[in-house]
Amino acid sequence: MSGLRVLVGCKRVIDYAVKIRVRPDSLGVVTDGVKHSMIPFDENAIEEAVRMKQKKIVKEIVVASCGPAQSQETIRTALAMGADRGIHVEVPAGTDANLQPLAVAKIFSKLVEKEKPDLVILGKQAIDDDANQTTQLLAGILDWPQGTMASVVAAKDGNLTITREIDGGLEDISVSLPAVISADLRLNEPRYATLPNIMKAKKKKIEKLNPEGLGVDISPRLKILNVVDPPVRQAGDKVPDVTTLMEKLAEKGHL
């Protein structure tokens, strides 16, 4: 197996280390003036594609992102990690928060038609909506085999053998190409972009597209009714013995 073309997704989200604040209208979270970065799972997806290229399995890595103009920064990061070129499907700022998995899957299906990749690698889920749906929806639209939540990916006999974590332990599956897979955090340790590669990434090509030009309706299918902060955790009580513990539990209706 060699000479594959891979399409990898990367999404710009609020950085995982940022403390999230709910908007005053309770219909979302505050994004203005907040640090953004690439989804960690997408970093794993890009790293896996780069490693496959180093093994001569892959010949070209195309990275794509859907979002506002600032998403180009995320694409540049992916290019600095080792991707060859980028595609930015621009969604107007302010509406990108309503870009739902089905719309993203439809956009990527159009990119697949355009780019003709042999493999699509996505992060298993975003860390803003935690949907974990885009990979499955894309595979369904394309009618391609899928390997989700991959912790190991190996090329064997023209197929990909994927190890994925399930409730009962580990599961090994084999998928034929073309296929869609999603990356788990245990898949690899993403590399840091070096300064020389960051400089080289500035010269790499990023093609600009839009949903309308691809013929995709990105109108949301789901409506957010309310967003609230999680309840504040109350301090625990210390009790001197088991008898007092049982009395406390009974008082609170837990027995």
(request) Considering only Asn44, Asn197, Asn132, give the residue with the highest GNM mean-square fluctuation for the chain, with springs between Cα atoms whenever their separation is below 10 Å. (result) Asn197
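Net charge within 10 Å of Met149 by Cβ-Cβ distance, Lys/Arg positive one each and Asp/Glu negative one each, not counting Met149 itself?
Within the 10 Å Cβ shell, the charges total 0.
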(request) Starting from the alpha-carbon convex hull of region 127-255, give the projected area averaged over all orientations, in nm². (result) 16.8
(message) Between region 15-31 and region 134-170, how far is it from one alpha carbon centroid to the other, in angstrom?
(response) 33
(request) May I ask for the angle, rounded to the nearest 10°, between helix 71-81 and the longest principal axis of the chain, with both axes built from Cα atoms and the value confined to 0 to 90°? (result) 70
(message) I want to verify a result. In a Gaussian network model of the chain, Cα cutoff 10 Å, which of these has the top mean-square fluctuation: Lys11, Lys53, Lys116?
(response) Lys116
(message) I need to check one value: relative contact order of the chain, counting alpha carbon pairs closer than 8 Å and at least 6 residues apart, in percent.
(response) 24
(request) Would you look at the GNM of the chain, springs on alpha carbons closer than 10 Å, and say which of Ile107, Ile61, Ile20 moves the most? (result) Ile20
(message) To check my understanding: the extent here is largest minus smallest coordinate of the Cα atoms along each principal axis. What are those three numbers for the chain, in Å, largest first?
(response) 69, 44, 39
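Rounded to the nearest 0.05, what FRET efficiency do Ile127 and Leu255 give with R0 = 35 Å and r taken as the Cβ-Cβ distance? Could you check?
FRET efficiency, Ile127 to Leu255: 0.40.
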(message) With every atom except the alpha carbons ignored, what do you get for Rg and Dmax of region 29-104, in angstroms?
(response) 13.7, 43
(message) Please list, by residue number, everything in region 172-191 whose backbone N is under 15 Å from a paramagnetic label point 7 Å out along Cα→Cβ of Arg5.
(response) 178-179
(request) Find the centroid of the Cα atoms in region 85-128 and in region 50-76, then give the distance between the two in whole Å. (result) 12
(request) With runs of 4+ DSSP H residues as the only contributors, calculate the mean residue ellipticity of the chain at 222 nm using -39,500 (n - 2.57) per run, divided by the residue total and rounded to the nearest 500. (result) -8000 deg cm²/dmol
(request) Output the relative contact order of region 128-243, whole-number percent, from Cα pairs under 8 angstrom with separation of 6+ residues. (result) 19
(request) Under 27 Å between C-alpha atoms is the cut-off here; go through region 1-118 and count lysine pairs that meet it, provided they're at least eight residues apart or on different chains. (result) 26
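We did not get these values from a lab; they are worked out from the coordinates using the rules stated. No experiment lies behind these values; they were computed from the predicted model shown. In this analysis, Cβ positions are derived from the backbone assuming ideal geometry, glycine residues included, and neighbour counts consider all displayed protein chains.
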